[in-house]
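Computed from the coordinates by the stated procedures, all read-outs in this text should not be read as laboratory data. Predicted model, so just to flag it, every value in this text is computed and none were measured. Glycine gets a Cβ as well: all are built from the backbone with ideal geometry, and neighbour counts include every protein chain shown.
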Amino acid sequence: MMASSATSSSRVESVVNELRQGVFEGRYPPGTPLRELTLARDLSVSQATVREALQRLQYTGLVTRTPNIGSVVTRLSVKEVRERVELRAILEVKAALEACTHMAEPEFAELENRLSALERAVAEDSYFEAAQADLHFHRYIWQCSGNETICRHLELVTVPLFAFMSIIRSQGLERLVNTVEAHRPLVDTLRSGDPAQIRAEFEKGATSAYGPFLQGGQEHAVLAAFGLLDPVRK
């Protein structure tokens, strides 16, 4: 029975990873319906497995489920992106301030390893791996805070934003190398332990990449055309 349960859990995790990668790579664009029967057939798994995978992705914010309609890839309006970016800045600053009080050389060594993984993904021009490495870098800082409530809320708020930026970069709308350039100052300020520097760098890091797409103009129009932003809801 335990082996059967482990196998079932492994199948669910495999479907979660496949769908997550599809979202980050733009194979399942924002607003795409995720039909259980179709996915079960395409992925050669049961509908129950797909259903559980979609529930997990809903928890991360990548999937939205509407009664009588079903599951779709989350599609954010400009207002929703702005709200999430602002909330991420508030929560991540607090997480970073708490994390720096717990971080010693072993934690900084792990953070450097995660930054190196991000650098490798960028060097290989791999948008999905870069987005995942980016998320893993930030997630480690959240975890170092020891604040589980902040970690849970940051997961829900930010994962769709990382997917959003992954698709933007894959379309050549934002330089992938900018991702690495923005992270070194975060490590340095955490090492400094200076609250003012930490606050300034993490606020900048959480918001700067989204600025052009929240101000309207050409970038906003391009993103709406790609279906990355809801063109109706403001």
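Across all Cα atoms of the stretch 78-214, the radius of gyration (one decimal) and Dmax (whole number) stand at 14.0, 40 Å. Protection proxy ranking for 198-210, 68-80, using the average of other Cβ atoms within 10 Å per residue and placing the highest first: 198-210, 68-80. When peptides 16-28, 39-51 are sorted by average Cβ neighbour count within 10 Å, with the highest value leading, the order is 16-28, 39-51. When peptides 126-138, 149-161 are ranked by their average number of other Cβ atoms within 10 Å per residue, the highest-first order is 126-138, 149-161. The HN-Hα couplings worked out from phi for the stretch 47-64 by the Karplus form 6.51 cos²θ - 1.76 cosθ + 1.60 (θ = phi - 60°) are 5, 4, 5, 4, 4, 5, 4, 5, 5, 5, 5, 5, 4, 7, x, 6, 10, 10 Hz, whole numbers, x standing for Gly and Pro. Subtracting the Cα-Cα distance of residue 194 and residue 65 from 0.36 nm times their residue separation leaves 42.2 nm of extension gain.
Take the Cα of residue 124, step 7 Å toward its Cβ, do the same at residue 38, and the gap between the two points is 3.0 nm.
Take the Cα of residue 8, step 7 Å along the line toward its Cβ, and report every residue of the stretch 28-61 whose backbone nitrogen sits under 13 Å from that point. Once the point is set 7 Å along Cα→Cβ of residue 8, 46-53 turn out to lie under 13 Å by backbone N, inside the stretch 28-61.
With a Förster radius of 35 Å, plug the Cβ-Cβ distance of residue 46 and residue 148 into 1/(1 + (r/R0)^6) and report the FRET value to the nearest 0.05.
Efficiency, from the Cβ-Cβ distance: 0.60.
Rounded to the nearest Hz, the phi-derived 3J(HN,Hα) couplings of the stretch 158-164 under the Karplus curve 6.51 cos²θ - 1.76 cosθ + 1.60 (θ = phi - 60°) are 9, 4, x, 5, 5, 5, 4, where x marks glycine and proline. Radius of gyration over Kirkwood radius for the stretch 2-73, both on Cα atoms: the Rg/Rh ratio is 0.96.
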